[in-house]
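Asker: Can you keep this structure in mind? I'll have questions shortly.
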Amino acid sequence: MKRTEVRMQNTRGGFSLMEVLIASSILIGSLVVLDQLANLGRISARSSESMVTAQLFCEQKMNLMLSGMEAMESTDDTVWEDNEDWHYAVETEPDEKLPLTKLTIRVWQDEEKFLRPQRFQLVRWIMSTSSSESGDGEEITDSYLSELDN
């Protein structure tokens, strides 16, 4: 009697079409999500860079005014000398009771050129230099402090 061998065929030779489609859609979905995250990172990096630039412009203008290299006077919308994409405004506001002046510097990007323009503001209280208020303009006297208490 002859032995007949029956071969068992492997019915599973590879992935089915459905498995390939599902794996491909998961891969494409993951790539889309990673692309969106990378885009968000680029937007945040540009925004941070613009914010740092605005802060540096504010500090530069403040230092120029405090050192006396530029006049400490109020100005409205002024285009930055070195960079036309940036504007600034200076506001000086003397205090009524104390010999102090509030110096505010605002810097912002040109709103027509940028989708999300950055803005930054720096405020510093400085001693007034007018001699009629505080004598020498360098120190707060007891008379001013007593006016605050009342």
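Read-outs: derived from the displayed coordinates by stated rules, not from any lab. Bear in mind that the values here come from a model prediction, so they are computed numbers and not experimental data. Positions of Cβ are generated from backbone atoms using ideal geometry, with glycine treated the same way; all protein chains shown enter the neighbour counts.
Quick grid of which residues meet (1) outside any strand (DSSP E or B); (2) closer than 29 Å to residue 40 by Cα; (3) under 13 Å from the mean Cα position of the chain (by Cα):
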residue: 55; (1), (2), (3): yes, yes, yes
residue: 61; (1), (2), (3): yes, no, no
residue: 69; (1), (2), (3): yes, no, no
residue: 76; (1), (2), (3): no, no, no
residue: 93; (1), (2), (3): no, no, no
residue: 116; (1), (2), (3): yes, yes, yes
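Asker: Further question on the same structure: Can you report the number of residues in segment 94-119 which are more than 26 Å from residue 49 (Cβ to Cβ) and either exposed (fewer than 13 other Cβ atoms within 10 Å of the Cβ) or basic (Lys, Arg) (or both)?
Answerer: 4
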